[in-house]
1. Could you list, in their original order, any pairs among A:Lys101/B:Lys11; A:Lys49/A:Lys101; A:Lys49/A:Lys69 whose Cα atoms are separated by more than 20 Å?
2. Once you list every other residue whose beta carbon is under 15 Å from the beta carbon of B:Val19, what net charge do they have if Lys and Arg are +1 and Asp and Glu are -1?
3. What net charge is computed for the residues neighbouring A:Thr111, neighbours being all others with C-beta under 12 Å from the C-beta of A:Thr111, Lys and Arg scored +1, Asp and Glu -1?
4. Just counting partner chain Cβ atoms within 10 Å, what average do the residues of peptide A:39-50 show around their Cβ?
5. Work out the length of the dipole vector of the protein assembly as shown about its Cα centre, built from +1 on the beta-carbon of each Lys and Arg and -1 on the beta-carbon of each Asp and Glu, and round it to the nearest 20 debye.
6. Which residues' amide hydrogens lie under 5 Å from the amide hydrogen of A:Gln106, considering only partners 5 or more residues apart or on another chain, with H built in the peptide plane?
7. For a Förster distance of 25 Å, can you work out the FRET efficiency between the beta-carbons of A:Glu66 and A:Arg109, rounded to the nearest 0.05?
8. Applying 1/(1 + (r/R0)^6) with R0 = 35 Å to the Cβ-Cβ distance of A:Ser14 and B:Arg110, what FRET efficiency is obtained, to the nearest 0.05?
Amino acid sequence: AQSVTQLGSHVSVSEGALVLLRCNYSSSVPPYLFWYVQYPNQGLQLLLKYTTGATLVKGINGFEAEFKKSETSFHLTKPSAHMSDAAEYFCAVSFPQGAQKLVFGQGTRLTINP
Amino acid sequence: DAGITQSPRHKVTETGTPVTLRCHQTENHRYMYWYRQDPGHGLRLIHYSYGVKDTDKGEVSDGYSVSRSKTEDFLLTLESATSSQTSVYFCAISEDSRRTDTQYFGPGTRLTVL
């Protein structure tokens, strides 16, 4: 079975500080992993995804994530937070068969302090 | 941005009444999905469609039905709304069913059942 756990429902950082959002997964098959961002009153937007190949994945808006199989993790980072990064972030893993069905984590709300 | 619209964007209804939410896409994507978003649960799949008149259940399908008579439209119906169905509903589309595919999300419908 596939599942995703995001550690910390709320994360608060200062502008210019490192952003680290944690995601751990459980998957019975090699995982395909996604990070989505949701700005207030909007739908979800893909930040980045890991399928195969390079384990360090770069996404939009300066975010990146590293797939670590030994730790079953896919943490999202950004070296320097910007006020516009305030949003909710979701980690997801895709099912191994059938339609492209995603299992989402519970989300992490990121607050940026001036 | 992917051409996905949802209607209505907000709805307040009473327990026991039927409700239909509409998702409309202009991308001609084959796959369409309905999710609900609740605090602490992330997004959970309700139903999905893999073609006209082809649908299947997701994780939380009880109390919901769907229909897809045209490629561009995917309807979600609550036959008799309950307070537990108060939620934000998102439609998503994807071009194919590969695990690596990206899902594109609509802006959401906020439903309140009194």
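Every number in this text was worked out from the coordinates using simple rules, so none of it is lab data. As the structure is a prediction and not an experimental result, all values here were calculated from the model. Heads up, the Cβs are rebuilt from the backbone with ideal geometry, glycines too, and the neighbour counts pull from every protein chain shown.
1. On the way: A:Lys101/B:Lys11 27 Å; A:Lys49/A:Lys101 14 Å; A:Lys49/A:Lys69 15 Å.
Check vs 20 Å cut-off fails for A:Lys101/B:Lys11.
2. Values: positive: B:Arg9, B:Lys11, B:Arg22, B:Arg36, B:Arg110; negative: B:Glu14, B:Glu79.
Around B:Val19, the charge tally is +3.
3. Working: positive: A:Arg109; negative: A:Glu15, A:Asp85, A:Glu88.
Cβ neighbours under 12 Å give a net charge of -2.
4. On the way: counts 0, 0, 5, 4, 14, 10, 5, 4, 0, 0, 3, 1.
The per-residue average across the peptide is 4.
5. Details: 21 positive and 20 negative charges, 30 e Å.
Roughly 140 debye, rounded to the nearest 20.
6. Amide H neighbours of A:Gln106: A:Gln6.
7. That gives a FRET efficiency of 0.70.
8. Values: r = 32 Å, r/R0 = 0.90.
In this case the efficiency is close to 0.65.
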